[in-house]
Structures are given as structure tokens and as C-alpha cells.
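For reference, the structure is listed below as C-alpha cells.
Just so it is clear, none of the values below were taken in a lab; they were calculated from the coordinates. Predicted, not measured: the structure shown is a model, and the values here were computed from it. Please note: Cβ atoms are built from the backbone with ideal geometry, for glycine as well, and neighbour counts cover all protein chains shown.
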Amino acid sequence: MTDHESGSGRWPLNHVAIIMDGNNRWAKARGLAGIAGHERGVERVRDVLDACGRHGIPYLTLFAFSSENWARPAGEVRALLSLFASYLRKEVPELERRGVRLKVIGERARFSRRLSRLIEEAEEATARGETTLTLAVDYGGRWDIVQASRRLAERVRAGELDPAAISEALFEAHLATAGLPAPDLCIRTAGEQRLSNFLLWQLAYAELYFSPVFWPDFDGHAFDLAVAAYHRRQRRFGRKSEQLGGGAEGVAGG
């Protein structure tokens, strides 16, 4: 039984997705190279994982590198991918120790063979973790919807699937996030208020929280504020408030 169903007025919070924004602006304000902000941002991943543990949140998804980030200067792209590879080498033993399963979603086709191998080894080493950390790398929400549609179309063409049998649940099973629950809360840092092609299907009914804090400064306390704001809201999923028979005050989508 969920917290809301039990009459506590609090909706459960099982999955948080975060658009980690503001690394370059944080570095620029300090007269540093942009990569310094990304390096500092890696430390915040640990803080947020700790905060998820305190709040009993089993799923965390981070937007680490978008499909559009390939258009950035080549030197910056190389630095970002090098930082990602370094994260995998250094953090995987700690993730394994803490019981965190690492999942990487995205296209991967443009990754080097070495980076692809690091990803596969990291996922295998942490496969038995009870908490799931998903990193969206070379990911875009539109890409995800298109690739799921293509896979379903291929099954139809092969005679394996009747088009009439395609449902929302079946479509979700072909998304990169298959097996993960839909995010309950999406946080974007650094004050911007847009999704930037992140989890477009999956965030249909997520609560959105926009923090003015740059990602390199987004610590456990900033995460706690986002969680508190979530619990003050009322999630309706298309229904009227009076139909819910309870719930926290506030405005929710739907």
C-alpha cells in the first residue's frame, strides 16, 4: 500500500531524475575552465546518492551527456567523455560496495570501443545492487521514442507482432528505460526551466522542480529541499482533487 493510499497524504517517491545543469557557468564565475565544473559535479553525484539513501529512494537517473552535446567544441566533448571514463574506473568499486546497480542508457554507437567496454564491465560488476543509478549518456528523449518505434516496426514487419497489440506498456518495454519505473520527480538545476529532450515519454506525469543552484553546488541539502517540495504537492494524474480523498496541498500536473 502506498503512503497516499494509507491516508498519510504523502505520495511515494521511488524515482528521481535530474538534469545536471550549470557546470560551465559555475566554472566561468570562478575563472576556471569549463571542465572544472564537470569535475566538481561528479562529487555531487555521491551527495545525491547519499540523500536518496536517507529518503529511501531506490531509483536515480542523471542526464550526463545529451545527444545534442556532440555539437559542442571537440575538445570539450573529449574532456567530457574522458571524465565519464574516469568516473567508471574510480567509482564502480564504491558503487558495488554500496549496493548500487549502474545502468547506462543512450545510443553508444559513437563511443570508442574502450569506453563501451568500460560501460559493460561497470554494469556487470554492479548488477546485483538493490539501488539503481541510471546515467543517460548520448541520450535524447526523441531518439529514445524513435528507436522504440523502429524496434516495434521491425517486429511487425517480421510477423512477430500485430500492430493492434501495441499498447503503452508494450511501447515502454522497448524504451531505453525498460524495467525502470517512471520518474516521480524531475529536478533541473541552475535555474533553467525546460526538459531539453530528456525522458520525454517517461516524464509525462512527473512533478517538475527547478532549482536555482548550479549542479556543482547541488548538495544533499538542496536535494532535501526538492524532496520536501515534492511532498507538498498533490498528484492528480488527470483526476480532480476531490476524487483523491486526501493528499498534500499544492498544484500538480494533469
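Taking amide H as placed 1.01 Å from N in the peptide plane, residue 11 has its amide H under 5 Å from the amide H of 248, each at least 5 places away in sequence or on another chain.
The mean of 1/r over all pairs of different alpha-carbon atoms in region 124-221, once inverted, gives a Kirkwood hydrodynamic radius of 15.8 Å.
Karplus-derived 3J(HN,Hα) values for region 65-73, using 6.51 cos²θ - 1.76 cosθ + 1.60 with θ = phi - 60°, are 7, 8, 4, 6, 5, 4, 7, 6, x Hz; glycine and proline are entered as x.
Could you tell me which helices of the chain pass both thresholds, a Cα extent of 15 Å or more along their own axis and a mean Kyte-Doolittle hydropathy of at least 0.5, with helices taken as whole DSSP H runs?
What comes out of the filter, once short or polar helices are dropped, is 220-231.
Considering all different alpha carbon pairs of region 51-179, the Kirkwood hydrodynamic radius works out to 16.3 Å.
Full extension of the chain segment joining residue 70 with residue 116 gains 14.9 nm, where the gain is 0.36 nm per residue of separation less the Cα-Cα distance.
Computed from the alpha carbon positions, the gyration tensor of region 17-113 leads to an equivalent ellipsoid with semi-axes of 23, 17, 13 Å, biggest first.
Residues 55, 15 in ascending order of nearby Cβ atoms (within 10 Å, fewest first): 55, 15. The eigenvalues of the Cα gyration tensor, multiplied by 5 and square-rooted, give region 63-107 an equivalent ellipsoid with semi-axes of 24, 13, 6 Å from largest to smallest.
Counted over all Cα-Cα pairs of region 26-69, pairs farther apart than 18 Å make up 45 percent.
Bridge orientation summary for the chain: considering DSSP beta bridges with both residues in this region, about 0 percent are antiparallel.
Backbone phi angles across region 18-27, fed through the Karplus curve with coefficients 6.51, -1.76 and 1.60 (θ = phi - 60°), yield HN-Hα couplings of 10, 8, 7, 10, x, 4, 5, 5, 4, 5 Hz in residue order; Gly and Pro are listed as x. In this simple spin-label approximation, residue 167 and residue 28 carry label points 7 Å from Cα along the Cα→Cβ vector, and these lie 4.8 nm apart.
What the phi angles of region 199-214 give under the Karplus curve with 6.51, -1.76 and 1.60, with θ = phi - 60°, is a coupling list of 6, 4, 6, 5, 8, 3, 10, 6, 6, 9, 9, 10, 9, x, 6, 5 Hz, glycine and proline written as x. Close amide H contacts of residue 185 (hydrogens built in the peptide plane, cut-off under 5 Å, sequence separation of 5 or more or a different chain): 15, 17, 207. Taken over region 147-193, the ratio of Cα radius of gyration to 2.2 N^0.38 Å equals 1.59.
Remark on residue 103: its backbone amide H falls under 5 Å from those of 133, 134, 135, a criterion applied only to residues 5 or more positions apart or on other chains, H modelled at 1.01 Å from N. Would you compute the Debye intensity of the chain from its alpha-carbon atoms alone, equal scatterers and no solvent, and pass along log10 I(q)/I(0) at q = 0.16 Å⁻¹ to two decimals? Log10 I(q)/I(0), no solvent term: -1.30.
Note that region 120-159 shows a convex hull volume over its alpha carbon atoms of 122 Å³ per residue. One quarter of the surface of the convex hull around the alpha-carbon atoms of region 163-220 equals 5.2 nm², the direction-averaged projected area.
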